[in-house]
Structures are given as structure tokens and as C-alpha cells.
Amino acid sequence: MLMLTGIAGFQPARSDVEGWPEIAWPFPRDGWPAGRAFRCVMEACGGEVEVYVRPKAGFCNCDTGVADDEEVDRVADLDLISERFAPLEPGQAIRVADMPGRIRTYDLGMADGSRHSAVGIAVSHRCDVLVAVAQGTGAASDVQRAALAFLGSGEMTRWMTAAMNGG
């Protein structure tokens, strides 16, 4: 199991979180509020990587949370990037901001014909789910490593915890 934890309490994520400036939410409106989007500007990310994060209130099984890979496929917002996504391997259990869930890697077929790697993350808190999807031009392992390091930062952990607690 992968685990990311941090100190609870609210402090908004800054636009300069360790080389991850916040960018505009790039997706059209849907049934959920817009989330937050970030782009890695560091060579350490292994290529261009973007992370999109948002809570979805009332969108989780209250008893089991995020129980399987099919749920990650369904809720993780991959379809906002491309409707042509395919899992690379079975997912893994994970904890992000002390919330349990699952993570899974994907291959994305982009509209311009290029291929991108992606990581879908869905974690639960009560009956709500927090989803994060990262996509980039590098290998899926590099995109996953960069996304997990970013989501594990103190600023993001505090923001995710507050967002899931209504803050």
C-alpha cells in the first residue's frame, strides 16, 4: 500500500508549491464543481506533467469507499482528458491525505494522435470522494512519482483535507 499523509488543518495550496504553479481548470463544466489544476515546471518530473484535483461530494459508497479499479476508472476524471484511455495494469491501494482509496496507471490516446501516460487516484472520506488525475508525456512511473510527491506536499495535503471537510 502506498501512503501519503500530512498535518490536518486548512492552508490554501499556493501557486508555487515546489515548482508546481496553479493553472486554470482546463475542462468544461460538468456535474461537479471545477477543481484545481497544476503543472510541473521542474525537470525532476521527467517531462511535462499536469495534475487535476477535486472533491465530489456524495459520490462514493459510504460503506466500502473506493473498493476496486473499475471505480477508479469511472470517477477519476480521465475522460475529461481523453475518452480513449486504457489501464496499463491493476491498481493498488493507496492513502492520500490520510484517506484510503486506489491508484491506477493508464495510457491515453490524445485528440492530436499523441500518447500520454496518466495516473488516476480516487480516495474516500465518509460518503465523498476526492479524485486526482495526472497526465504527462513521460513514462507512467514518472508521472505517478511526480503526482504522488506533489499530492504529498504539506500544502496540498492540508488543502485536500480541508476540501473534504467542507472548508
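The values are calculated or read from the model by the stated rules, or taken from the named source; none is laboratory data. Since the structure is predicted, the reported quantities are computational estimates derived from the model, not experimental observations. Note: ideal-geometry Cβ built from the backbone for every residue, glycine included; neighbour counts use all protein chains shown. Note: areas computed on protein heavy atoms with side chains; ligands, DNA, RNA excluded. Shrake-Rupley method; radii C 1.70, N 1.55, O 1.52, S 1.80 Å.
Some observations on this one:
- Long-range HN-HN contacts of GLU48 with modeled amide H, under 5 Å: THR137, GLY138
- Note on THR137 and ASN165: the extension gain reaches 6.7 nm, defined as 0.36 nm multiplied by sequence separation minus the Cα-Cα distance.
- Cα centroid of segment 77-131 to Cα centroid of segment 41-58, whole Å: 11
- GluC sites (Glu not before Pro) restricted to segment 27-97 and DSSP loop, no more than 15 other C-beta within 10 Å: GLU48, GLU83
- In this structure ARG95 has an accessible area near 50 Å², from a 1.4 Å probe over the protein heavy atoms.
- Evaluating 6.51 cos²θ - 1.76 cosθ + 1.60 at θ = phi - 60° for every residue in segment 55-71, the Karplus couplings come out as x, 10, 5, x, 10, 9, 5, 5, 8, 9, x, 8, 9, 8, 5, 4, 5 Hz, glycine and proline recorded as x.
- Estimated 222 nm signal from helices in the chain, with DSSP H stretches of n ≥ 4 weighted -39500 (n - 2.57), rounded to 500: -5500 deg cm²/dmol
- Here is the short version for the chain: CYS60 have no other Cys C-beta closer than 4.7 Å.
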